[in-house]
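Just below is one structure, and these are the notes that go with it.
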């Protein structure tokens, strides 16, 4: 209840149903896995700058398309760059 005649507010109590909570938890787990894969990709690129997306996918046991997608996002965000030609170039991980 308002402390005076001029305040006007409502207090709401919201319950989160179990199904929604489970979905949120699953999304968080997925996000954590994605972050870990991105971290691993960068680590591999540092160790072997000339490595290809297909080779990274084999090492991580994920689809090459998933690695290419992560690389695209990392390039867009400035986390990595590609120096040189597509086939003969090297990855540079920006710290």
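The values are calculated or read from the model by the stated rules, or taken from the named source; none is laboratory data. Model, not experiment: these values are computed from the prediction. We place every Cβ from the backbone using ideal geometry, glycine too, and count neighbours over all the protein chains shown.
The sole residue among 44, 51 that is surrounded by 15 or more Cβ atoms within 10 Å (Cβ to Cβ), over 15 Å from the mean Cα position of the chain (by Cα), part of a helix (DSSP H, G or I) and at pLDDT 90 or above is 44. Screening the range 72-87 for residues that are under 18 Å from residue 34 (Cα atoms) and either without any contact (Cβ under 8 Å) to a residue 12 or more places away in the chain or out of contact with any helix residue (DSSP H, G or I) (no Cβ under 6 Å at 6 or more places or on another chain) (or both) and picking the one that is surrounded by the most Cβ atoms within 10 Å (Cβ to Cβ) gives 74. Evaluated against (1) in a loop (DSSP other than H, G, I, E, B); (2) free of Cβ contacts under 8 Å to residues at least 40 places away in the same chain; (3) more than 21 Å from the chain's Cα centre (by Cα); (4) surrounded by 10 or more Cβ atoms within 10 Å (Cβ to Cβ), residue 62 falls short on exactly one condition, (3).
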